[in-house]
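For reference, the structure is listed below as structure tokens.
We did not get these values from a lab; they are worked out from the coordinates using the rules stated. Everything numeric in this text was worked out from a predicted model, so none of it was measured. Here the Cβ is made from the backbone with ideal geometry for all residues, glycine too, and neighbour counts use every protein chain on show.
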Amino acid sequence: MSGLDPISWAIILLLIGCAMIVLEVFLPSGGILSFLSVAAFVASLTMAFRHDATTGFGFMILTVFAVPAVVALAFKYWPHTPMGKSFLGEIPSEEEMQTDDPRRELVGRVGIAKSKMLPSGAVLIDDRLVDAVSQGTAIDVGDAVVVVEVRANRVVVRSADESEARQVSVEPSEMLSKPIEELGLESFDDPLG
């Protein structure tokens, strides 16, 4: 070997190992560069332990933290490289991801379930019949629902609480089919009893 001391060799081999890991991320080699980087890390640790045990354990701890950090940074910047852009395609901007779906205006509106939602079904909102998906709970026919979000091609609803359910206009024919407790009328004591 040349006139470099073991610590200098350990540092150089550690940097070579990190560089090979980054190259493996950018230029997939089928594991060849990964194998060479592991060999460089082992050689780096061997050189550090040749100097003394304290330096060897210091390099071991440095390797344990440096390798994941280097890999994370490589994967963070990879989509912004020419190879990453050609592999993944252009990353859409926030404006491009927003669609001009007219159903977005339904968020926050209250409607009535027209079919049993297990988890999908039909909902009547502002005299429009809309296909919707519940947030995971089953919703019975005639229950009031609130539109939570519109994502992709789905309108997501949840069961409405009592104050929200009062906002829904119920047709008179539907009022007769509901139990009196659901109509929000106060119960009276039986005057004859």
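Please work out whether the range 1-60 counts as rounded, prolate or oblate from its C-alpha gyration tensor, where a ≥ b ≥ c are the square roots of the eigenvalues and a/c under 1.5 means rounded, while otherwise a/b larger than b/c means prolate and anything else oblate?
On the way: a/c = 2.93, a/b = 2.16, b/c = 1.35.
Cα axes put the range 1-60 in the prolate bin.
Can you tell me how the range 102-169 classifies by the Cα gyration tensor, rounded, prolate or oblate, using a/c under 1.5 as the rounded cut?
Judged from the Cα gyration tensor, the range 102-169 comes out rounded (a/c under 1.5).
Can you sort E164, E24 by how many other beta carbons sit within 10 Å, fewest first?
Ranking E164, E24 by Cβ neighbours within 10 Å, fewest first, gives E164, E24.
Show me the ranking of peptides 155-162, 51-58 by mean Cβ neighbours inside 10 Å, starting with the highest.
Values: 155-162: 18.0, 51-58: 13.9.
The most tightly packed comes first, giving 155-162, 51-58.
What's the FRET efficiency of V64 with R151 using the Cβ-Cβ distance as r and R₀ = 35 Å, to the nearest 0.05?
It comes out at approximately 0.30.
Between R166 and R104, what is the FRET efficiency for a Förster distance of 41 Å, r being their Cβ-Cβ separation, to the nearest 0.05? Don't skip to the end; give the middle numbers.
On the way: r = 25 Å, r/R0 = 0.60.
Approximately 0.95, to the nearest 0.05.
At R0 = 45 Å, how high is the FRET efficiency between Y77 and A122 if r is their beta carbon distance? Nearest 0.05 is fine.
Details: r = 47 Å, r/R0 = 1.05.
The value I calculate is 0.45.
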